[in-house]
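All of the numbers you see were taken from the coordinates with simple rules; none came from a lab. Values in this document were obtained by computation on a predicted structure and should not be read as measured data. Heads up, the Cβs are rebuilt from the backbone with ideal geometry, glycines too, and the neighbour counts pull from every protein chain shown.
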Amino acid sequence: MTRFAPKTILVTGSSGLIGSETCVYFGKRGFAVHGVDNNQRATFFGPQGDTRWNQKRLAGLIKNFTHHELDVRERERVLRLVVELRPDVIVHAAAQPSHDLAAAIPFDDFDTNAVGTLNMLEAARRACPESPFIHMSTNKVYGDRLNLIKLKELETRWDYDDPAYARGIPESFPIDQSKHSLFGASKAAADVLVQEYGRYFGMPTCCLRGGCLTGPNHSGVELHGFLSYLVKCNVEGREYKVFGYKGKQVRDNIHSEDVAAFIHAFSLNPSRGEVYNLGGGRDNSVSVLEAFKKAEAITGRAQKWAYVDQARAGDHICYISDTRKMASHYPGWGITRRLDDIFREIVESWKARLPQASLAA
């Protein structure tokens with residue numbers, strides 16, 4: 001009797017939030033899962049950013065999982081691995097993810113985000129050009145030009161005061177003539193490369209311009225992972241710093257499992273050089289002030305916070321993803337985790353992961 005080898009998926013940044021969720025999602029569907037990660041997040045953010053715990057979780061959770069200790073900047077090793085595996089799907093989630101930190105480490109930032117993406121794309125072109133290539137981009141590619149949209153100030157949040165953006169930001173929004181932060185610029189370079197490999201070489205590629213991607217397996221830190229870090233501060237009784245905009249800045253939030261589900265949908269029916277704004281939409285949007293209240297309602301603990309009257313360079317005042325293009329291209333996909341569910345999951349995760357001694361009384 002002939003036995004067929006399972007399909008193979010290669011996931012970079014496999015110990016991070018989206019990478020790990022994607023590994024689990026495809027592992028449950030019978031894929032041989034190969035994860036690429038070198039815990040660079042701990043180098044970028046210190047011990048609090050360490051993701052080894054997630055790597056160990058994947059090894060115990062996924063039957064057919066192989067970890068590869070590899071930095072996407074290592075071009076020859078990347079090329080050899082992709083040629084060896086010839087994966088059926090590639091998900092590129094490895095990145096330097098903080099726009100604040102990027103200014104202090106510009107070479108590391110660009111080499112990881114832009115050159116690392118080029119290494120992965122070229123490896124895919126040489127070894128498996130027909131395999132769907134899904135790149136985790138970011139809404140920071142739009143830069144602060146978004147802040148020129150007319151806004152209205154409400155009691156607890158900013159919101160768009162232009163009917164053209166009532167449903168959020170579409171993929172047609174321009175990315176030039178704005179301040180992105182160096183992180184946003186390096187990710188924009190990667191984003192354009194992924195589109196170009198799709199259009200120039202005819203490869204099935206897409207960029208997922210994420211809003212606030214979140215979930216219980218996020219190692220949130222102050223410089224990256226807004227919702228996870230905010231909840232962690234509440235659970236630990238630690239002070240959270242609010243940077244500008246009166247704490248009324250808004251993000252839409254999407255659960256990592258819903259992200260993985262969309263990646264799966266695209267892999268089954270890919271297109272070439274596509275772009276999608278990936279977020280939770282208006283129903284899953286929340287301001288910092290509103291997030292404090294939601295966390296407090298679940299934990300019963302008052303949120304400690306301080307205000308810094310200086311916004312982060314290139315930061316968005318209000319960002320809500322217009323997901324209509326995604327829904328029209330993939331009508332079987334949709335948001336399954338609502339905001340309150342996301343908060344509860346994150347709270348429970350931090351309670352389980354943090355030492356009991358560190359939890360607020």
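Numbers for the structure displayed
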{"quantity": "DSSP-assigned coil residues among GluC sites (Glu not before Pro) in segment 67-120, each with at most 12 further Cβ atoms within 10 Å", "calculated": "GLU69"}
{"quantity": "Among GLY210, GLY30, GLY16: highest mean-square fluctuation, GNM of the chain, C-alpha pairs under 10 Å", "calculated": "GLY30"}
{"quantity": "Euclidean distance between Cα centres, segment 231-275 to segment 1-44, Å", "calculated": "20"}
{"quantity": "Whole-number D in µm²/s for segment 6-45 (Stokes-Einstein; Kirkwood sum over Cα pairs; 10 °C, 1.306 mPa s)", "calculated": "154"}
{"quantity": "Listed residues ASP252, ASP191, ASP88, most fluctuating in the chain (Gaussian network, C-alpha, under 10 Å)", "calculated": "ASP88"}
{"quantity": "Among SER20, PHE226, LEU182 the positive-end extreme of the charge dipole of segment 8-358 (Cβ point charges)", "calculated": "SER20"}
{"quantity": "Most mobile of VAL83, VAL36, VAL194 in a GNM of the chain (Cα contacts under 10 Å)", "calculated": "VAL83"}
{"quantity": "Rounded tilt (10° steps) of 75-85 against the dominant C-alpha axis of the chain", "calculated": "60"}
{"quantity": "With Cα atoms, 0 to 90° folded angle of helix 181-201 axis to the chain main axis", "calculated": "30"}
{"quantity": "Aspartates and glutamates whose Cα lies under 14 Å from that of LYS325, excluding same-chain neighbours fewer than 8 positions away", "calculated": "GLU171, GLU274"}
{"quantity": "Surface/4 estimate of mean projected area, convex hull on alpha-carbon atoms of segment 82-231, nm²", "calculated": "10.8"}
{"quantity": "Rel. contact order, % - alpha carbon contacts under 8 angstrom, at least six apart, the chain", "calculated": "18"}
{"quantity": "Efficiency of FRET from Cβ geometry, ARG338 and LYS150, R₀ 25 Å, rounded to 0.05", "calculated": "0.30"}
{"quantity": "Rg [Å, one decimal], Dmax [Å, integer] - the chain, C-alpha atoms", "calculated": "19.6, 69"}
{"quantity": "Phi to ³J(HN,Hα) by Karplus 6.51 cos²θ - 1.76 cosθ + 1.60 over segment 269-283, Hz, x for Gly, Pro", "calculated": "9, x, 10, 10, x, 8, 9, 9, 8, 9, x, x, x, 4, 5"}
{"quantity": "Shape call, segment 160-227: gyration tensor on alpha carbons, a/c limit 1.5", "calculated": "oblate"}
{"quantity": "Qualifying chymotrypsin sites (Phe, Trp or Tyr not before Pro) for segment 4-40 [loop in DSSP, other Cβ within 10 Å: at most 13]", "calculated": "PHE4"}
{"quantity": "Positive dipole terminus of the chain, leading residue within ILE149, TYR197, GLY35 (C-beta point charges)", "calculated": "GLY35"}
{"quantity": "LYS232, LYS7, LYS294 arranged by Cβ crowding within 10 Å, fewest neighbours leading", "calculated": "LYS7, LYS294, LYS232"}
{"quantity": "Listed residue pairs exceeding 31 Å between alpha carbons, taken from LYS150/LYS351; LYS179/LYS246; LYS63/LYS140; LYS150/LYS294", "calculated": "LYS150/LYS351; LYS63/LYS140"}
